[in-house]
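Reviewing the structure listed below.
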Amino acid sequence: MMADFLVEIGTEELPPKSLMILANAFHDHIINGFNSNFLSFNKSKVFATPRRIAVLLEDLEEQAPTKEIVIWGPPKEIAFDKKGSPSKAGKAFAKKNGIPLNSLFDMIEIEQGKEKLCYKSKMAGAKTVKIAKEIIESALTSLPVQKNMRWGSSVLEFVRPIQWIVVLFGNKVINSKIMGQESSNITYGHRFHNGEKIILNTPLEYQKTLREANVIADFFERKELIRSSVEETAKKVGGTAVIGEALLDEVTALNEWPIALMGSFEKKFLTVPNEALISSMVEHQKYFHLVDADGKLLPLFITIANIESKDPDQIILGNERVIRPRLSDAAFFYESDKRTTLQQKREALKTVIFQEKLGSVYEKTVRLVSLIKYIAPLVNANNAFSIRAAEICKSDLVTDMVNEFETLQGVMGKYYASYDGEADEVAESILEHYMPKFSGDSIPATNTGVALALTDRLDTLTGIFGIGEQPTGSKDPFALRRSSLGLLRIIIEHKINVDLFEALKRAAAGHRQHINNEDETCKQVLTYIIDRLKYVYEEKNIPTVVFLSVASRKLTNLLDIHERVNAVNTFSGFPECASLASANKRVSNILSKNSIKNVPKQLNESLLIEPSEIVLAKLIGELEKKIKPFIKERSYSLILKLLSSLATPVDKFFDDVMVMADNKDIRMNRLVILQKLRALFLEVADISFLAPMK
């Protein structure tokens, strides 16, 4: 027998930014709970609104299948004594499983060719109505909640006070007391439109019944409704609404019955940098802003009301009254900040701590100035611009605007630098040096921005690693993973030819008073950064073995590593790759077992006997000369293409030639052939990593 199952947890308003995290985790725990008890269902659906999370399972089994239990006991010769009576071990097995002693003789079966005691029984499958309470409670207590609440006199804790719980199986309530609440088939609609009790007759009525009570229970349906209504509202005034996914998700989590309304603000505020106005509307008020056909900000906004008002103008006026002082504050902060230059503000950075052991942000800017003198020439950046940018790049951290809107750091620095009369590239670099801020974000475009972005990241990485605060598990307070990925992208996408280890040593020198072992710190940071590359290539569907074949070369130039990885990835698709990779692995194994440190590098051609070794030796010599100029040019794909011609000669060599010949001179000469063969490929990578797993 099967029936539909519904569990709904009704609460006070849930935290909007974590609503779907909680709902999805609840859903997963519920279905895992039934699955682990062998109770199957056809499909599941999760619901989430500000005041509830719910899970619907269609066609959930009433009871799991009966399970046969097989318990193996001791071997026959141990379970019975010489007289055939149950031994101590036999009696213990009988007692443990509740078996009459005279029944043991009937419980002998064969396992792996040996007679043993075997007890078989059948266990009835779990019943949904019996285990639902346990599964629900386990799901609720397992949710990823950072901080729980208590309410009333209860000692129970949950993310928000629980107001009601629905547990329905078919048309019947599974009566349980969960988190201090008696379950029922009673839910509630919209707090203002329909606050009366609503009786649910069956789980499948849930979504439709709530809609009639002014609640759209499906988060994603609500999200798309908001998106479309915002877009349509913007079109009415010839504008385009800018809809960020994060804001859309948050607004969806704040409303059960969303209604889009448009408001406006005075045009005079448009003299304030648009980013500040947008931050005020988005971060504080959760408004969607509008732009015209040229992408310029319009003095309009769209808010989402959680109520269908008979007089929407009053809601609009209320929102306009709220946003006006917010924008006035932004305008005041902007004018106030402009009264002192970024250079003057730099002094205030002496009181701002970057990291307790690494000193103030001012001290960081001093290190940046020193380091950027080395980095700037590597990226063709103007030295004077770079030094100036390093001096003032953090000064906007002490402005009123950034103090109010943290996300505007760098953005306001650019505006204030321009106002101060700094060079355009200096101003732009202050914004750019924080880029990329997230996956898929743009990287710096100006040379000064590139230099400053690299310098800032190198300083932070060496400093934090140097004092032993490197990331562990999920703990990464200084966002070093993001910094590393950003550094990788900038170097690779801008094709910057830099020895990363040398750059790290220069950065570590700025922390000399804080770091005990600069060389070891640089090695740790280098390994950490290069390890991030593995994940970058995984996202591009480049096999890990391809990356490892290059990483094994212990290179320190990221651009060089990247070019090699791409070449090896292309080579891995060649028909010759598998045989050559296997041959390289075989060669590597042979050489590792036979040290040839004292063997001359040159072959003794007079010791070449077999035709196949003569052919291979000649081809290796020719390829050594051919690939030499390509190594300097980093034409790794071309090198591997040339080396692919070795496939047939190498196979022939191993088929015809006994490497470990009895004659020592011939044996050593053949080992030299293998050493030269291996060295050819190691000019690019250790392709033995590509050998098929046996």
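Every number here is computed from the coordinates shown, using simple stated rules; none is lab data. None of the values given here were measured: they were computed from a predicted structure. As a convention, Cβ positions derive from the backbone with ideal geometry for all residues, glycine included, and neighbour counts pool all protein chains shown.
Worth a mention:
- Its residue count N fixes a reference of 2.2 N^0.38 Å for region 219-337, and the Cα radius of gyration divided by that reference is 1.03.
- Region 1-49 - Kirkwood radius from inverse mean 1/r over Cα pairs (Å): 12.2
- Fewest-first ranking of Leu168, Leu607, using other Cβ atoms within 10 Å as the exposure measure: Leu607, Leu168
- If you wrap the tightest convex hull around every Cα atom of region 67-123 and split its volume per residue, you get 71 Å³.
- Cβ-to-Cβ counts within 10 Å put Cys522, Cys577, Cys118 in ascending order as Cys118, Cys577, Cys522, the fewest first.
- Look at the alpha carbon pairs under 8 Å that are at least 6 residues apart: their mean separation over the length of region 499-614 gives a relative contact order of 19 percent.
- Magnitude of the charge dipole, region 479-553, Cβ model with Lys/Arg +1 and Asp/Glu -1, debye to 20: 160
- Top positive-direction residue, dipole computed over the chain with Cβ charges, set Gly239, Leu117, Gly421: Leu117
- A full extension of the chain between Ala509 and Asp313 corresponds to an added length of 64.3 nm, given 0.36 nm per residue minus the alpha carbon distance.
- Between Lys373 and Ile609, the modelled labels are 6.6 nm apart [label points 7 Å from Cα along Cα→Cβ].
- Alpha carbon centroid spacing (whole Å) that separates region 344-410 from region 10-54: 46
- Cβ crowding within 10 Å, taken as a proxy for footprinting-reagent exposure, orders Val166, Val366, Val282 from fewest neighbours to most as Val366, Val282, Val166.
- Its relative contact order, with pairs defined as Cα atoms under 8 Å and 6+ residues apart, puts region 67-123 at 49 percent.
- When the convex hull of its Cα atoms is viewed from all sides, region 386-541 shows a mean projected area of 9.9 nm².
- The modelled label-to-label distance between Lys147 and Asn380, using points 7 Å beyond Cα along the C-beta direction, is 5.1 nm.
- The alpha carbons of region 34-144 stretch over 74, 26, 24 Å along the principal axes, in descending order.
- Residue-span extension gain [Lys350 to Thr271] - 0.36 nm each, minus C-alpha spacing: 25.3 nm
- With the simple spin-label model, which puts each label point 7 Å out from Cα in the Cβ direction, the Asp476 to Ser552 separation comes to 2.8 nm.
- On the basis of the beta-carbon distance and an R0 of 35 Å, Phe38 and Asp441 show a calculated FRET efficiency of 0.15.
- Selected from Ser579, Ser612, Ile590, residue furthest toward positive end of dipole (region 565-690; charges at beta carbon): Ile590
- Adding -39500 (n - 2.57) for every DSSP H run of four residues or longer, then dividing by how many residues the chain holds, sets the calculated 222 nm ellipticity at -15000 deg cm²/dmol.
- For region 459-504, applying the loop criterion from DSSP together with a ceiling of 14 other beta carbons within 10 Å to the chymotrypsin sites (Phe, Trp or Tyr not before Pro) yields no site.
- Dipole of the chain computed with +1 at Lys/Arg Cβ and -1 at Asp/Glu Cβ about the Cα centre; of Ile71, Thr455, Val525, farthest Cα towards the positive end is Ile71.
- Overall, region 14-126 carries a charge dipole of about 460 debye about its Cα centre when +1 sits on the Cβ of Lys and Arg and -1 on the Cβ of Asp and Glu, all other atoms neutral.
- Percent RCO, i.e. relative contact order, over region 219-337, from Cα pairs under 8 Å lying at least 6 residues apart: 30
- One chain, two ends: Glu493 and Ala246. Fully extended at 0.36 nm per residue, the span grows by 86.2 nm beyond their Cα-Cα distance.
- The trypsin sites (Lys or Arg not before Pro) found in region 222-258 that occupy coil by DSSP, while having at most 11 further C-beta atoms within 10 Å, are Lys236.
- Rounded to the nearest 20 debye, the dipole magnitude of region 219-337 is 280 debye, with +1 charges on Lys and Arg beta carbons, -1 on Asp and Glu beta carbons, and the Cα centre as origin.
- Debye log10 I(q)/I(0) at q = 0.20, 0.21, 0.22 Å⁻¹ for region 565-690, Cα point scatterers: -1.16, -1.27, -1.37
- Within the set [x] 43.9, 155; [y] 24.7, 74; [z] 35.4, 107, the number that Rg and Dmax of the Cα atoms in Å takes when calculated for this structure is listed as [z].
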